1. With the structure loaded, tell me whether residue 30 is at pLDDT 85 or above, over 16 Å from residue 73 (Cα atoms) and buried (at least 18 other Cβ atoms within 10 Å of the Cβ) or whether it fails that test.
2. Exactly one condition in (1) surrounded by 12 or more Cβ atoms within 10 Å (Cβ to Cβ); (2) at pLDDT 80 or above; (3) part of a helix (DSSP H, G or I) is false for residue 126; which is it?
3. Could you please give the count of residues in region 1-12 that are surrounded by 15 or more Cβ atoms within 10 Å (Cβ to Cβ), over 14 Å from residue 126 (Cα atoms) and of a type in the set (A, V, I, L, M)?
4. Restricting region 129-149 to residues that are in a loop (DSSP other than H, G, I, E, B) and of a type in the set (A, V, I, L, M), which is modelled with the highest pLDDT?
5. Residue 85: out of contact with any Cys (no Cβ under 6 Å at 6 or more places or on another chain), surrounded by 12 or more Cβ atoms within 10 Å (Cβ to Cβ), more than 27 Å from residue 141 (Cβ to Cβ) and not aliphatic (A, V, I, L, M), yes or no?
6. Does residue 69 fit the bill of being small (Gly, Ala, Ser), under 22 Å from residue 24 (Cα atoms), at pLDDT below 95 and surrounded by fewer than 17 Cβ atoms within 10 Å (Cβ to Cβ)?
7. Every residue in region 80-103 that is in contact with a helix residue (DSSP H, G or I) (Cβ under 6 Å, 6 or more places away or on another chain) and within 21 Å of residue 124 (Cα to Cα), please.
Amino acid sequence: MGAYKRIMLAVDLTEETNRVAQRAVALAKAFDTDLHVIHVIEPLSLAYGGDIPMDLSSVQEQIHEQAKSHLAEFASALQIPEDHQHLIFGRPEAEIHRVAEELDADLIVVGSHGRHGLALLLGSTANGVLHGAKTDVLAVRVGSDVTVSD
């Protein structure tokens, strides 16, 4: 296994995203490689099981616009060009795998809230990404239980 050629950073755009991004940026610099960033918006109908008695398209549109500007701002701070930014609708794990394959990414970097081993990760996006990936996955630990030493 040689150096990574294309790294994909999967983000949820919370404040913890920066810690995960720092790791991905450091790896991209170390391997002198392309860095892509992906944010997946789960459709509200998926999140709520599809039994919603109202039209959520305007709410979904607002979520999309907000995510689009957050992603652009986040990626711009990391100097990730627009054509390396991917904002996708769907199930996060499935879309992260699909886009990673399309891009021929050989490393996916994702944040993990693992507190005490994989048991507590079950059902999380990080765990889903890990289990279906055809490539390496780096799960960067985030959350209040993580201490950062400089």
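1. no
2. Status for residue 126: all satisfied but (2).
3. 1
4. In the first step, residues of region 129-149 are kept if they are in a loop (DSSP other than H, G, I, E, B); the result is 133-135, 142-149.
Pick out the ones that are also of a type in the set (A, V, I, L, M) and you get 133, 142, 146, 148.
Working: 133: 84, 142: 80, 146: 47, 148: 47.
So, considering only residues that are in a loop (DSSP other than H, G, I, E, B) and of a type in the set (A, V, I, L, M), the one modelled with the highest pLDDT is 133.
5. Values: out of contact with any Cys (no Cβ under 6 Å at 6 or more places or on another chain): yes; surrounded by 12 or more Cβ atoms within 10 Å (Cβ to Cβ): yes; more than 27 Å from residue 141 (Cβ to Cβ): no; not aliphatic (A, V, I, L, M): yes.
Taking the combined requirement at face value, the residue does not satisfy it.
6. Numbers: small (Gly, Ala, Ser): yes; under 22 Å from residue 24 (Cα atoms): yes; at pLDDT below 95: no; surrounded by fewer than 17 Cβ atoms within 10 Å (Cβ to Cβ): yes.
No, not satisfied.
7. We begin by selecting, within region 80-103, every residue in contact with a helix residue (DSSP H, G or I) (Cβ under 6 Å, 6 or more places away or on another chain); these are 85-88, 92-93, 96-97.
86, 87, 88, 92, 93, 96, 97 - these are the residues of region 80-103 that are in contact with a helix residue (DSSP H, G or I) (Cβ under 6 Å, 6 or more places away or on another chain) and within 21 Å of residue 124 (Cα to Cα).
Every residue, every condition in (1) in a helix (DSSP H, G or I); (2) modelled with pLDDT under 95; (3) within 16 Å of residue 129 (Cα to Cα); (4) of a type in the set (Asp, Glu), yes or no:
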{"residue": "20", "(1), (2), (3), (4)": "yes, yes, yes, no"}
{"residue": "49", "(1), (2), (3), (4)": "no, yes, no, no"}
{"residue": "53", "(1), (2), (3), (4)": "no, yes, no, no"}
{"residue": "60", "(1), (2), (3), (4)": "yes, yes, no, no"}
{"residue": "75", "(1), (2), (3), (4)": "yes, no, no, no"}
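The values are calculated or read from the model by the stated rules, or taken from the named source; none is laboratory data. Since the model is a prediction, treat every value here as computed from it, not as a measurement. We place every Cβ from the backbone using ideal geometry, glycine too, and count neighbours over all the protein chains shown.
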